[in-house]
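Below is one structure, written out as C-alpha cells; the observations come after it.
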Amino acid sequence: MGSVLTTGGDGRVHWSFPAPYGTCPAVTAVAVDPEPGDEERTVWATLEEVTSWCVVVRVWRNRPRRGQGVAEPAGPGVVVHVIALGVTQVP
C-alpha cells in the first residue's frame, strides 16, 4: 500500500496504515523537491519510526554554506511518497 503525504512544520509526516500489518513492514519514502530548479538545495527522507501500524518520516534539506553544507528539517509543504509492503518470512 502507498500514500502521498505533505510534511508539517517540523518536516515530518505520520502515516497510520488502514489496517495493521502482522509485523513491521518494509517501508520506502521519497521526498519530492519542492524547488527542483534550485541546484544548491536538495531534500531527502529518513525513516524515524516503523511499527506494524504506522510510520514516521522526517524530511531534511541541505542549505549551502560557504565551505560546507548544513542539514536542517525541511519544514512544511514537502510532498513525500511512502510505500509499505508486508514482509513474508521464509523458514
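The values are calculated or read from the model by the stated rules, or taken from the named source; none is laboratory data. Since we're looking at a predicted model, the values are computed, not measured. In this analysis, Cβ positions are derived from the backbone assuming ideal geometry, glycine residues included, and neighbour counts consider all displayed protein chains. Just so you know, the surface numbers come from the protein's heavy atoms only, side chains and all, with ligands and any DNA or RNA stripped out. Shrake-Rupley method; radii C 1.70, N 1.55, O 1.52, S 1.80 Å.
Worth a mention:
- Leading residue by the ranking (farthest from the chain's Cα centre (by Cα)) among those in the range 13-30 that are open to solvent by 30 Å² or more (accessible area, probe 1.4 Å) and closer than 15 Å to Val78 by Cα: His14
- Single condition Asp10 does not satisfy, out of (1) open to solvent by 50 Å² or more (accessible area, probe 1.4 Å); (2) out of contact with any Pro (no Cβ under 9 Å at 6 or more places or on another chain); (3) modelled with pLDDT of 95 or more: (2)
- Cβ separations smaller than 7 Å between residues 6+ apart or across chains give the following pairs from the range 31-55 residues that are over 17 Å from His81 (Cβ atoms) and open to solvent by 40 Å² or more (accessible area, probe 1.4 Å) to residues that are modelled with pLDDT under 95 and part of a strand (DSSP E or B): Glu40/Pro64.
- Pairs where the first residue, in the range 1-27, is of a type in the set (D, E, K, R) and the second is open to solvent by 30 Å² or more (accessible area, probe 1.4 Å), C-beta under 9 Å, 6+ apart: Asp10/Arg58; Asp10/Pro73; Asp10/Pro76; Arg12/Glu48; Arg12/Arg58; Arg12/Pro73
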